[in-house]
2 protein chains.
Amino acid sequence: MDHDASETRNEVQAGLDAGEMVTVFGRCRVDYDGRASSELGPGDRLLVLKPDGTALVHTDEGHQPVNWQPPGCDHESRLTDGELHIHSTRTTPEETLDVYFASVAAVNRYAVTDDSELSVSGTEADLRERVLESPSLVESGFEPRATERGTAAGAVDIYGVDGDGNAVVVELKRRRVGPDAVGQLDRYVTALRRESHDGTTVRGILVAPSVTERASELLAEQGLEFVALEPPE
Amino acid sequence: MDHDASETRNEVQAGLDAGEMVTVFGRCRVDYDGRASSELGPGDRLLVLKPDGTALVHTDEGHQPVNWQPPGCDHESRLTDGELHIHSTRTTPEETLDVYFASVAAVNRYAVTDDSELSVSGTEADLRERVLESPSLVESGFEPRATERGTAAGAVDIYGVDGDGNAVVVELKRRRVGPDAVGQLDRYVTALRRESHDGTTVRGILVAPSVTERASELLAEQGLEFVALEPPE
DNA sequence: GGGTGGATGTCGCGT
DNA sequence: ACGCGACGTCCACCC
């Protein structure tokens, strides 16, 4: 049995038991099996184990971890064939992640306290507030009546009426949109037209900073409209 | 000037200059400005700086970094008001990330070599192979003619013909699908019907493990079909 | 560089 | 738990 690996394992397990964040840097291979499955051969990577049950395997490249396990998983440290072996499992869906370290360059443990909340601005919610405060940005005479109004096709971002008494469905997007957003708006408009048994006209307006060419064509085909507007800030 | 902070900064900068992966654990606050903007007050977090220009700020919770910078950014270490300050920038879009450390518990540098490729199975591509090898899984008599066939509404996953000579559009999803996938399939079918000047019938089939209730209704409304099929493995 | 859609997407909210 | 849609989504691929 590799004595260093044994000590390393004890260090990792102590961190896990203490509810600390544990990082392991070393040469490892990784197996994942669950919703999909993957194999990753040997290489130098950073493993991050969080006290909430998250596991992240990061290579030298990319924002995304090459392998991971979401929060709520159980992490175990083992000695398998003399190697440090991290075994992480979850249920619903059943998923396992196994990281085998041929060598470990460093193990670190961190006691974490973090009470601060992240505050973000420039989101779709901010755009919604902007429209609700100044409905004329969408169109003169537009009057919002509800947000998240339910329809058979899902919840409409802003539901209201125009100056002529027509129903208006507003779909908000914080950034430039493609065909998917048009499809979304179309589903809501179609559902509302089906639901309005009287002859009320239902208009659909996509509110976003800009649209792609294809999205613009789709809007025209469906008789939907577009208003250019950005989130505040 | 804080001597420790100065040494810490030198260590971080040396790692960045050497093209190593650098981790910093400590108490910090974070400012981000770009496509959106955010502020995060003091707390204990792990900062990961990758040689490809990625920056990740991880709290004790969650799969997602609380703040980040994607690959390709320039990282600088600074001493600002005696604190270690990491300043990361990118262009198109213009974005900045600033991490200010009130205290640093540990800095680590790792020289990384990783030649292995991740191999994943159970993806949509695997499902496509399964259908192409056994087209009858979709329907007896189905004959695939093309993958990624272009239409005015985008590329169709699998295009083919059925036993009666009708055109068939197959949209593949590796997992249970909702209304968005139906909208996608509908866009392709509508586009192809518009493009087929002869009277060819165009059928749309959604191939996925399962569908939600709402998606099922939408399929019925649009006269589209569903075939239950999972990716192999 | 922009468009388009996949992803082990994750995350939060509502039912 | 599942459905649904947002996300600073990221990411690969094609144009």
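Read-outs: derived from the displayed coordinates by stated rules, not from any lab. Every value quoted in this text rests on a predicted model; they were computed, and no experiment measured them. Glycine also receives a Cβ, built like all others from the backbone with ideal geometry; neighbour counts cover every protein chain displayed.
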Problem set entry | Options A:Cys73, A:Thr212, A:Phe101, ranked by Cα towards positive dipole end of chain A, top entry (Cβ charges) | A:Thr212
For this session: With everything on Cα atoms, drop me the angle between helix A:213-222 and the longest principal axis of chain A, reported from 0 to 90° to the nearest 10.
Result: 50
For this session: Excluding A:Ala215 itself, calculate the net charge of residues whose Cβ lies under 14 Å from the Cβ of A:Ala215, where each Lys or Arg counts +1 and each Asp or Glu counts -1.
Result: -2
Exercise. In nm, one decimal, shortest first: how far is the label point of B:Pro71 (7 Å from Cα along Cα to beta carbon) from the matching points in the other copies?
Worked result: 2.8
For this session: Compute the Kirkwood hydrodynamic radius of the range B:124-233, taking the inverse of the mean of 1/r over all pairs of distinct Cα atoms, and give it in Å to one decimal.
Result: 13.7
For this session: Work out Dmax and Rg for chain A from the C-alpha atoms and quote the Rg first, both in angstrom.
Result: 26.0, 82
Exercise. What number, rounded to the nearest 500 deg cm²/dmol, is the helix-based mean residue ellipticity at 222 nm of the protein assembly as shown, given -39500 (n - 2.57) per DSSP H run of at least four residues and division by all its residues?
Worked result: -7000 deg cm²/dmol
Problem set entry | Once the Cα gyration tensor of the protein assembly as shown is diagonalised, semi-axes √(5λ) in Å | 46, 32, 18
Exercise. What net charge do the residues around B:Asp44 carry, taking every other residue with its C-beta under 13 Å from that of B:Asp44, with Lys and Arg at +1 and Asp and Glu at -1?
Worked result: 0
For this session: Between beta-carbons, use under 12 Å as the cut-off and find the net charge around B:Pro232, counting Lys and Arg +1, Asp and Glu -1.
Result: -3
Exercise. In peptide B:45-53, what is the residue-averaged number of other protein chain Cβ atoms found within 10 Å of each Cβ?
Worked result: 4
Seminar exercise, completed: Normalised Cα Rg of the range B:1-72, dividing by 2.2 N^0.38 Å with N its residue count, works out at 1.15
Seminar exercise, completed: Shielding of B:61-71 by other chains, given as the mean Cβ count within 10 Å, works out to 4
For this session: Mind jotting down the distance between the C-alpha centroids of the range A:9-59 and the range B:24-60, whole Å?
Result: 20
Exercise. Which chain A residue puts its Cβ closest to the axis that rotates A onto B, and at what distance in whole Å?
Worked result: A:Gly183, 2
Seminar exercise, completed: Low-density loop GluC sites (Glu not before Pro), the range B:1-94, at most 16 other Cβ within 10 Å, DSSP non-H/G/I/E/B, are B:Glu61, B:Glu94
Exercise. If you place +1 on the Cβ of every Lys and Arg and -1 on the Cβ of every Asp and Glu, how big does the dipole about the Cα centre of the range B:141-233 come out, in debye to the nearest 20?
Worked result: 220
Exercise. When each copy gets a label point 7 Å from Cα toward the beta-carbon at A:Thr89, what are the spacings between them in nm, shortest first?
Worked result: 5.1
Exercise. Which loop trypsin sites (Lys or Arg not before Pro) in the range A:5-64, with loop taken from DSSP, have no more than 16 other Cβ atoms within 10 angstrom of their Cβ?
Worked result: A:Arg35
Problem set entry | In sequence order, calculated HN-Hα J values of the range B:199-206 (Karplus, 6.51, -1.76, 1.60; Hz; x Gly/Pro) | x, 4, 6, 10, 9, x, 10, 8
For this session: Compute the long axis of helix A:179-195 from its Cα atoms, compare it with the longest principal axis of the Cα atoms of chain A, and write down the angle in degrees, 0 to 90, nearest 10.
Result: 50
Seminar exercise, completed: Copies of B:Glu133 compared via label points 7 Å along Cα→Cβ give distances in nm, shortest first, of 5.8
Exercise. What does the average come to when, for each residue of peptide A:16-24, you count the partner chain Cβ atoms lying within 10 Å of its Cβ?
Worked result: 2
Problem set entry | Rel. contact order, % - alpha carbon contacts under 8 angstrom, at least six apart, chain A | 15
Exercise. What number, in percent, do you get for the relative contact order of the range A:107-214 if the mean sequence gap of Cα pairs under 8 Å and at least 6 apart is divided by its residue count?
Worked result: 22
For this session: Return the whole-Å distance between the Cα centroid of the range A:120-198 and the Cα centroid of the range B:170-214.
Result: 25
Exercise. Within straight cross-link reach of A:Lys50, meaning Cα distance under 26 Å, which lysines are found once same-chain residues fewer than 8 apart are removed?
Worked result: B:Lys50
Exercise. Helix B:3-17 versus the longest principal axis of chain B: what angle, 0 to 90°, nearest 10, using Cα atoms?
Worked result: 40
Exercise. If you take the alpha carbon radius of gyration of the range B:75-189 and divide it by 2.2 N^0.38 Å, what ratio comes out, to two decimals?
Worked result: 1.87
